[in-house]
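Accompanying notes for the structure given below.
The values are calculated or read from the model by the stated rules, or taken from the named source; none is laboratory data. Given the structure is predicted, the values throughout are model-derived calculations rather than measurements. Surface accessibility is based on the protein's heavy atoms, side chains included, excluding ligands, DNA and RNA. Shrake-Rupley method; radii C 1.70, N 1.55, O 1.52, S 1.80 Å.
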Amino acid sequence: MDGRIKSGHDGILLAFLTRRLFGMAVVLTVMSFIVFMLIGLMPGDPIDIMIASNPDLTPADGERLKRLHGLDLPLWERYANWLGGVFTGDLGFSRTYNRPVMEILLPRLGNTVILLGLSSLVAIAVAIPLGVIAATRPQSRLDGAINLFCFAGISVPPFWLALLFIMVFAVGLGWLPAGGMGAADAGFLAGLKFLVLPVATLTIASLAGYTRFARAAMIEVLRQDYIRTARAKGVGPRRTLFGHGLRNAMLPLTTIIALDFGTLFSGALITETMFGYLGMGKLIYDSILGNDFNLALVGLLLATLVVLIGNFLADIAYAVLDPRISFRALEAA
């Protein structure tokens, strides 16, 4: 009997994973078509820019180069050729860097994952305890101080915070570098000091919002009947708070964190620019300004993929945090 139940659960899980992965592939394909068309309609053809910057090239050379690279074809045919190249592992060539797109994107993606991963972990690790403390002492001085800190954090723009950190810790005290990433052969530990200020900026930018959501979710959960029942049955305060309260409060917070991760990925542009950090946000921004279509297209699709993965992981977290939520219910939702 237990074996049949386990087999049925595994089948539902496999069907859920298959459908979600198929759905992500469909969304990526549709997004690639939309982004390709929008980028293709942008002014500033790369060949025209090349001809304008080199007086030795003639309009006839331009026509020949367009035929050579397929830029004289209709947009839908160029998209079909690009999509066919993707299935063979060819994502195109960067006009700005004169290298294949993947050779440029992968190191930048790794830098952004490190930056966002560290800032998200620190923000979540600090925000949840602060939210719980504020929710268990509503209207107290400590609650007021935490709320004041959250409002200040939400109100401060990231670029202003980055400038403040640079002025205080790099220019004034000289403790940390103002920007950059250090030497490539310096090692991870030597590069950590270059991460401190960017991570602190992104952490404070998201910490206040997470704390406010954690506080509101915990206050709502602590008013529920099952919390009063647990207390009436003699369950200890710590188990009631963390075992019954925090676990249920994590459900709405998980949604916020998953949605915010995609926003954080694209919103890291300001922080990366302020600190000269070579990540995905700055790369996408520079590629759009430089009319580097292949690089911009793949960079934007990677940002879309990160958002989809964030939502996918949130669905998994729902089922782990609340056993009443099944993968079948998530599929129906």
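Based on Cα contacts under 8 Å between residues 6+ apart, the chain shows a relative contact order of 24 percent. His69 contributes an accessible area of around 120 Å² to the protein surface, as traced by a 1.4 Å probe with all chains present. Is the range 54-111 rounded, prolate or oblate when judged by the Cα gyration tensor, a ≥ b ≥ c being the square roots of its eigenvalues, rounded requiring a/c under 1.5 and prolate requiring a/b larger than b/c? Taking the square roots of the gyration eigenvalues as a ≥ b ≥ c, the range 54-111 is oblate. Note on exposure: Val30, Val171 ranked by accessible area (1.4 Å probe, complete protein assembly) read Val171, Val30, with the most exposed listed first. Of Thr112, Thr229, the residue with the largest accessible area leads and the full order is Thr229, Thr112 (1.4 Å probe).
The residues of the chain present an accessible area of 56 Å² per residue when probed at 1.4 Å with all protein chains retained. With N counted as the residues of the chain, its alpha-carbon radius of gyration over 2.2 N^0.38 Å works out to 1.24. Derived scalar couplings between HN and Hα for the range 290-306 equal x, 6, 8, 4, 4, 5, 5, 4, 5, x, 5, 5, 5, 4, 5, 4, 4 Hz in order, rounded to whole Hz, by the Karplus curve 6.51 cos²θ - 1.76 cosθ + 1.60 (θ = phi - 60°), x for Gly and Pro. The H on the amide N of Gly92, modeled in the peptide plane, is under 5 Å from the matching H of Val101, each at least 5 residues off or on a different chain.
Carbon and sulfur together cover what percent of the accessible area of the chain at a 1.4 Å probe radius? So the carbon and sulfur contribution to the accessible surface is 69 percent.
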